[in-house]
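FYI, it's all coordinate maths here, none of it is from the lab. Note that the structure is predicted; figures quoted are calculated from it, not measured. In this analysis, Cβ positions are derived from the backbone assuming ideal geometry, glycine residues included, and neighbour counts consider all displayed protein chains.
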Amino acid sequence: MKLHVLGAAASLALATAGSANAAIVLTFEGVGDLASVDAYYNGGTDSLGNSGANLGVSFVGAVAGVDSDAGGSANIANEPSASTIIAFLNTPSAILNYAAGFDTGFSFFYSSTTAATVNVYDGLNATGNLLGSINLAAQANGNGCVGDPNGGFCNWTPIGVAFAGVAKSIDFGGGINATGYDNITFGAATPGGAPEPAAWALMLAGFGLAGAALRRRGPVGANA
């Protein structure tokens, strides 16, 4: 059986549904379980009516999931911050837009059962020049999780890319309901926040293919 980040009801949730130099971290805490993120960070609300800080960031195709151990629907464990992550369920529209733009780098933590690619563009809606790409390896770990007791998506890898220019959108390609994202960070090639201690133990033990991929790309650490 294919391992999914979010519960079977996630597809129904979709159906109902600063400055260039500032470093911003999105943890998604406060977005409703199985809600489309939509304009939660853009002066509006998610699909369930929840609102967050107006950071000028909007999403297409992104659905939030709360850890099942915290009463939500997400099949996750050891997530980098609190209990909420996002996954993308729309193809080909899996987009983050940030009209004000950001420079220096883009980064996040991810957990995935499949390979995926994240592309950074200098135009809105994944248009314009490609500024950078991040290739993700499968490393979710299925039932081999430790720590936060339940959840197939329990390995969270910090990854990012540095680039020149001003970015305005991100295309999250592939990994539909098979890749979870947390602590998305604008303005830095290293993501803000840190995984829970159990996840650090997994990192120290090595991430297999993901670890090898990261070594090939060069070290990408996490903030303490």
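Going by the structure shown, is Ala74 under 16 Å from Leu6 (Cα atoms), surrounded by 22 or more Cβ atoms within 10 Å (Cβ to Cβ) and in contact with a helix residue (DSSP H, G or I) (Cβ under 7 Å, 6 or more places away or on another chain)?
For Ala74, the condition - under 16 Å from Leu6 (Cα atoms), surrounded by 22 or more Cβ atoms within 10 Å (Cβ to Cβ) and in contact with a helix residue (DSSP H, G or I) (Cβ under 7 Å, 6 or more places away or on another chain) - is met.
Please determine whether any residue of segment 111-119 is touching a His at 6+ places or on another chain (Cβ under 9 Å) and crowded, with 18+ Cβ neighbours inside 10 Å.
yes
Go through (1) crowded, with 17+ Cβ neighbours inside 10 Å; (2) in a strand (DSSP E or B); (3) small (Gly, Ala, Ser) one by one and return the number of the condition Ala99 breaks.
Against the list (1) crowded, with 17+ Cβ neighbours inside 10 Å; (2) in a strand (DSSP E or B); (3) small (Gly, Ala, Ser), Ala99 comes up short only on (1).
Within segment 120-160, can you find the residues that are touching a helix residue (DSSP H, G or I) at 6+ places or on another chain (Cβ under 9 Å), on the phi > 0 side of the Ramachandran plot and surrounded by fewer than 21 Cβ atoms within 10 Å (Cβ to Cβ)?
Gly147
For Gly192, indicate whether it is farther than 17 Å from Leu6 by Cβ and either surrounded by fewer than 22 Cβ atoms within 10 Å (Cβ to Cβ) or touching a His at 6+ places or on another chain (Cβ under 8 Å) (or both).
No: the conditions fail for Gly192.
Out of all the residues in segment 103-110, is one or more out of contact with any helix residue (DSSP H, G or I) (no Cβ under 9 Å at 6 or more places or on another chain), closer than 18 Å to Leu26 by Cβ and surrounded by fewer than 21 Cβ atoms within 10 Å (Cβ to Cβ)?
yes
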